[in-house]
Every structure is written in C-alpha cells, then in structure tokens.
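The values are calculated or read from the model by the stated rules, or taken from the named source; none is laboratory data. Here the structure is a predicted model, which is why all the values come from computation and not from measurement. Reconstructed Cβ throughout: ideal geometry from the backbone, glycine too, with neighbour counts over all protein chains shown. With ligands, DNA and RNA removed, areas are computed over all heavy atoms of the protein, side chains included. Shrake-Rupley method; radii C 1.70, N 1.55, O 1.52, S 1.80 Å.
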Amino acid sequence: MGILAPSILAADFKNLEQQIKLVENGGADWIHCDIMDGHFVPNITFGPLVVESAKRSTNLPLDVHLMIENPDKFLPDFINAGADYVSVHVEEVVHLNEVLNKIKELGVKAGVVLNPSTPVSSVKEVAGKIDLLLIMTVYAGFGGQEFIPNSLQRIKEAVDLRKESGGDFLIEIDGGINAETAQQAFQAGAEVFVAGTSIFNADDITEAVREIKSVISK
Ligand code: DX5
Ligand code: ZN
C-alpha cells in the first residue's frame, strides 16, 4: 500500500487548514512541505511558520523537503515547527553523514533527496542509515512540471541499492505525479508519492486524492 503525500505548495494558502482537511478526507497519509530559499533553487516558498500552521491543522506526519542552502543551519527551526521527516539534497550537503546524524539526534526521520541528474549510487555510503530516499521525478524548484520518464529506471536502481546495502528506507518520488505516473512508479517500486498540482488544482480535491490512492493500493 503506497503512501500519498500531497504537497501544499499547490494549495490555496488562504484556507490552508481547510485544504488539508480535504486531502485528509480522501485518505492522504502525509503532508509534504516544499521549502525553497531562492538560492539552492530559484523560487521562494515558505518557512517554519507555515510548517507550524500545517502542524496545527492536522495529525498527519509532516514530510519536509528542504531545497535551501546550508540546510543544517535550519534543522532545529523546522523540527520545532513540527516536521516528522526532514530531507536534504545531496547536491547541497557536503558533510552528508553529519547532517543525517544531526536530524536523527533532533528526534525525527532523516531523508536524502536526489535531483534527476544525480546518480542513485551517490547515496550508497549512507543507505544504511536513512529513513527515506526521495528520487526527484522533475528538477527541484517549481510545481507543475512534467514527470521525467527515466525516473522509472532510477526507482528500480533505488530498489536494488536498498537490497544490496541492507538498508531500510522508503522510496519516495516527487514531481509531475498524477494517477497515471503514480501507477507507473508504483509498479517500478516507489512507496511514497508526492503530488501537488494534480491534487490541489483538481475540481474535486478529495476525489483527486482517492484516485491516486486507488492506483497505489493494488
Ligand atoms: C518541486 C517540489 C514538488 C512539487 C510537486 O521542487 O519538490 O514537491 O511541488 O508538485 P507537482 O505535483 O505540481 O509536480
Ligand atoms: Zn517536494
């Protein structure tokens, strides 16, 4: 059974709590928070204050995806705001092992993220200690992009890496996910599915969640 994590990046922030309730009603499992700083990626989104608002709106786990420079500096802020999972990009973090230790010491689950041009093998050395491996299925930076088909091959590589390393992490995908791409990725071995536009831009948000859940539940 796949885990569905709607990304609030595409939500209507005027009614964040209500938008979160709509995805909860459809069976969403986690809430995904996209943090962008205008440096690591060109776009700016939101920070710990909004994460904290999301926390007060739901009991679902918060999955915080940091697309910022020096993420280690801000770990306590996001964790105090209520993050349950914190993921950092391998393209940004020099001392990856140390940063993962810090996330765990702060008491939450630790994830690493790979942009589409970063080899899956680059996380080999930390595969035994992570809780989550996020394979970007678009380049990090903006919502509303199209799923990159080669991602299916990369999901399979992540499944193999987990086997070889004896790791125990969930394989997550993010970007361009709708019912069709979720189904393909589910068959390739993905376990956590982030979707923003296809859910929050749908006429019926709750139904859009149900539709994706149905293809990742078989
Ligand atoms: C992209 C973000 C994604 C994005 C997903 O940098 O990490 O989480 O918001 O949005 P859609 O579903 O619109 O591709
Ligand atoms: Zn994301």
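Distance in nm between label sites at D203 and K14, each 7 Å beyond Cα in the beta-carbon direction?
Roughly 2.1 nm, to one decimal.
With a 1.4 Å probe and all protein chains left in place, how much of the accessible area of the range 61-218 comes from carbon and sulfur atoms, in whole percent? Write out the running numbers ahead of the final one.
Values: 3110 of 6830 Å².
Accessible surface attributable to carbon and sulfur in the range 61-218 totals 46 percent.
Which helices pass in the chain if a helix is a full DSSP H run, must span at least 27 angstrom along its long axis by Cα, and must have mean Kyte-Doolittle hydropathy not below 0.5? Don't skip to the end; give the middle numbers.
On the way: long enough: none.
Within the chain not a single helix satisfies the rule.
Could you tell me which of rounded, prolate or oblate describes the chain, using a ≥ b ≥ c as the square roots of the eigenvalues of the alpha-carbon gyration tensor, with rounded for a/c under 1.5 and, failing that, prolate when a/b is larger than b/c and oblate otherwise?
Numbers: a/c = 1.56, a/b = 1.12, b/c = 1.39.
Oblate is the answer for the chain, as a/c is 1.5 or above yet b/c matches or exceeds a/b.
Loop-only check: which GluC sites (Glu not before Pro) in the range 121-188 are DSSP coil with at most 15 other Cβ within 10 angstrom? Each step should come with its number before you reach the end.
Numbers: sites: E125, E146, E157, E164, E172, E180; in loops: E146.
Hits after loop and neighbour filter: E146.
More than 23 angstrom separation, counting every C-alpha pair in the range 102-218; what % is that? Walk me through the intermediate numbers first.
Values: 2076 of 6786 pairs.
Tail of the P(r) past 23 Å holds 31 percent of the pairs.
Whose amide H sits under 5 Å from the amide H of L4, counting only residues 5 or more places off or on another chain, with H placed in the peptide plane?
D29, W30, F193
Kindly report the accessible area of the range 145-218 per residue (heavy atoms of protein chains, probe 1.4 Å, no ligands, DNA or RNA), in Å². Before the final figure, lay out the partial values.
Details: 3500 Å² over 74 residues.
Value returned for the range 145-218: 47 Å² of accessible area per residue.
Could you provide, to the nearest whole Å², the per residue accessible area of the range 1-133 with probe 1.4 Å? Don't skip to the end; give the middle numbers.
Numbers: 5700 Å² over 133 residues.
Averaged over the residues of the range 1-133, the accessible area is 43 Å².
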